Amino acid sequence: MASYPKVSIIDPIVQFTLPREQTVYGAIDALSHIFELYFDGTPETDLPDELAEGIIRIIIKSTKTLINKPDDYNARANLAWSATLALNGIISAGRNYGDWATHSLEHSISAFYDVAHGAGLAVMFPAWMLYNINLINEKLIRLGKNVFGHDIKEGRQTIKQLVEFYKSIGAPVKLTDFGIKKDELNKLADNAALQSPLGTIRKLERDDIYQIYSVAFKGEY
């Protein structure tokens with residue numbers, strides 16, 4: 001905790017000239033930080049969940065604005081503040097501090113390929129969600145209703161909405177978007193499994209890890 005700043009100063013203006021893809025991948029990374037906490041299996045987290053859902057809505061809204069108007073000060077400010085709140089501890093209060101398996105799965109991708117962290121997370125989080133849907137279905141439904149609309153009836157609809165959002169902002173949504181071939185999944189799984197078991201809601205062993213990469217390879221939600 002000694003490395004945590006007492007004060008951080010974030011000037012949205014200096015972010016006006018960020019390349020589009022870095023704005024997109026930064027937003028996705030912020031969303032993924034929230035998802036790691038939101039889906040860690042801790043019960044009775046209504047208040048931090050409400051905070052998380054509000055931050056997610058702002059990230060989505062701000063990113064959509066910045067795609068077409070990168071110098072929109074309010075959108076930049078809201079995205080920067082949201083990214084700070086995503087992992088400064090406020091929405092981790094009362095939780096087990098996250099699952100974090102998906103981040104480990106992505107790190108193996110960036111270790112072998114020239115892939116930005118946020119880009120890899122855009123591919124891996126929907127795959128992780130689908131693989132664990134029996135454990136997080138109700139939470140996915142809640143997220144979908146509170147972020148994407150009240151017509152969400154099952155968790156898979158939320159995953160589809162998330163994937164469609166990623167597509168709309170130009171993010172990759174499957175491993176083939178990086179040129180990864182199916183026979184390379186074992187390499188990824190072997191690397192990620194060096195730290196296994198991964199996660200909290202389900203302890204992921206090597207076979208689980210391979211199956212999640214397989215879901216991400218197909219990208220069928």
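What follows draws every value from the coordinates through simple rules; no lab data is involved. A quick note: this is a predicted structure, and the numbers were derived from the prediction, not measured. Glycine gets a Cβ as well: all are built from the backbone with ideal geometry, and neighbour counts include every protein chain shown.
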Potential lengthening between Asp183 and Phe112 on full extension [0.36 nm per residue; Cα-Cα distance subtracted]
24.2 nm
Starting from the Kirkwood Rh over alpha-carbon pairs, what translational D in µm² s⁻¹ does the range 1-137 have by Stokes-Einstein at 10 °C and 1.306 mPa s?
100
For the chain, what does -39500 (n - 2.57) per DSSP helix run (n ≥ 4), summed and divided by total residues, give at 222 nm, in deg cm²/dmol to the nearest 500?
-19500 deg cm²/dmol
Filtered hits (lysines, Cα-Cα < 18 Å from Lys153, offset >= 8 within chain) -> Lys139, Lys145
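Using the Kyte-Doolittle scale, which helices in the chain average at least 0.0 and also have C-alpha atoms spread 24 Å or more along the helix axis, with helices defined as whole DSSP H runs? Intermediate results must be reported in sequence, preceding the final value.
On the way: long enough: 20-38 (27 Å, 0.05); 46-68 (34 Å, 0.27).
Result, helices passing both filters: 20-38, 46-68.
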Straight distance only, please: which lysines reach the Cα of Lys167 with their own Cα at less than 16 Å, same-chain residues fewer than 8 apart left out?
Lys61, Lys64, Lys218
Can you tell me the length gained on complete extension of the stretch Tyr4 to Asn96, counting 0.36 nm per residue apart and subtracting the Cα distance?
31.2 nm
Three-way shape label, the range 18-218, alpha-carbon gyration tensor, a/c 1.5
oblate
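Between the DSSP loop rule and a limit of at most 14 other Cβ atoms within 10 Å, which GluC sites (Glu not before Pro) in the range 138-221 are left? Walk me through the numbers before you get to the answer.
Details: sites: Glu138, Glu154, Glu164, Glu184, Glu205, Glu220; in loops: Glu154, Glu205, Glu220.
For GluC sites (Glu not before Pro) across the range 138-221 that sit outside H, G, I, E and B with at most 14 neighbouring Cβ atoms in 10 Å, the list reads Glu154, Glu205, Glu220.
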